[in-house]
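Here is the structure we will look at, set down as structure tokens.
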Amino acid sequence: MTETPISRGLLSDQVYERILASILDGSRAPGSRVVESEIARQLGISQAPVREAVKRLVHAGLVVSVPRQGSYVTEISPAELAIARTMRASIEAEAARIAAGEISSTDVARLRSVVTRMQAAVDADEWAAFRALDIEFHRGVIASTGLSVLARQWDTLEPMLVSQRAIGDPAYLGDRSRVVAWHADLIETLVEGDRDAAAAAFAEHASGARDPDETR
């Protein structure tokens, strides 16, 4: 893979964003090795900022470091992922139940802006950006409740969901514009204020129970 030159500035931040983007767009799969010397060589920089960036990714839960073996994109078992998905559905359903009918106009506008940018990312074939925005959308719904207990639970789960491609899967081959429209529908359930309907819609979305390529 040919890398564009890295610009001047805080190198570790830029390297962090490069590696994160490669995880988000699927080019670094769960379990794949993150080789600091290789990344430094590709970017034409020393290993020090790469090492710092990898440490941040480990702290975020997106990479694991194994003594004397190296660093790898986080990978969990299918059983653990199934539990994480169930927990995600529960957290998002509860957040939607709380937010329905009470979400502020500012938060609604922010979520709609995210959906607009998701469509722009689809149009530009920018899958790392699309996936990052998908994550931003769901994090934003959690934040709209103002409840730190939900935010903390989401922060614990998010690295696992991201590394396992359980949010905005870059391998998805269907019509991503329908995925964007699904997110727009989710916003409307919050605005309409039916708590049970909003909770059910978010739980369905989080569990992947509905195929967005089906007729809406």
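The values are calculated or read from the model by the stated rules, or taken from the named source; none is laboratory data. It should be emphasised that the depicted structure is a prediction, and the values quoted were computed from it without experimental measurement. When we count neighbours, we look across all protein chains shown, and the Cβ atoms used for this are built from the backbone with ideal geometry, even at glycine. Quick note on the areas: whole protein, heavy atoms, side chains included, nothing else; ligands and nucleic acids left out. Shrake-Rupley method; radii C 1.70, N 1.55, O 1.52, S 1.80 Å.
How many of the residues making up segment 79-92 are farther than 17 Å from R152 by Cβ and of a type outside the set (S, T, N, Q)? Quick ask: steps written out before the conclusion?
Filtering segment 79-92 for residues farther than 17 Å from R152 by Cβ gives 79-83, 85-86, 89.
Of the ones still in play, those that are also of a type outside the set (S, T, N, Q) are 79-83, 85, 89.
Residues in segment 79-92 being farther than 17 Å from R152 by Cβ and of a type outside the set (S, T, N, Q): 7 in total.
Does D196 count as within 25 Å of S104 (Cα to Cα) and either without any contact (Cβ under 8 Å) to a residue 12 or more places away in the chain or among the acidic types (D, E) (or both)?
Working: within 25 Å of S104 (Cα to Cα): yes; either without any contact (Cβ under 8 Å) to a residue 12 or more places away in the chain or among the acidic types (D, E) (or both): yes.
Yes.
Going through G101, G70, G140, G61 one at a time, which residue ends up being of a type outside the set (A, V, I, L, M, F, W, C), touching a Gly at 6+ places or on another chain (Cβ under 6 Å) and touching a residue at least 24 places away in the same chain (Cβ under 8 Å)?
It is G101.
Tally the residues that are open to solvent by 20 Å² or more (accessible area, probe 1.4 Å) and farther than 24 Å from S22 by Cβ, restricting the search to segment 163-195.
Residues flagged as open to solvent by 20 Å² or more (accessible area, probe 1.4 Å) and farther than 24 Å from S22 by Cβ within segment 163-195 amount to 13.
Under the condition of being within 16 Å of A201 (Cα to Cα) and open to solvent by less than 20 Å² (accessible area, probe 1.4 Å), which residue from segment 96-110 is farthest from the chain's Cα centre (by Cα)?
Checking each candidate, the answer is A100.
Looking at segment 89-130, which of its residues are over 21 Å from G193 (Cα atoms) and not small (G, A, S)? If you could, list the steps in order and put the result at the bottom.
We begin by selecting, within segment 89-130, every residue over 21 Å from G193 (Cα atoms); these are 116-130.
Selection gives T116, R117, M118, Q119, V122, D123, D125, E126, W127, F130.
Within segment 132-153, is even one residue part of a loop (DSSP other than H, G, I, E, B) and either β-branched (V, I, T) or at pLDDT below 90 (or both)?
Quick first cut of segment 132-153, residues part of a loop (DSSP other than H, G, I, E, B) only: 145-147.
When the remaining residues are screened for being either β-branched (V, I, T) or at pLDDT below 90 (or both), the result is 145.
Yes.
Scan segment 66-81 and tell me whether some residue there is open to solvent by 60 Å² or more (accessible area, probe 1.4 Å), hydrophobic (A, V, I, L, M, F, W, C) and either closer than 20 Å to A184 by Cβ or at pLDDT below 95 (or both).
Yes, segment 66-81 contains a residue that is open to solvent by 60 Å² or more (accessible area, probe 1.4 Å), hydrophobic (A, V, I, L, M, F, W, C) and either closer than 20 Å to A184 by Cβ or at pLDDT below 95 (or both).
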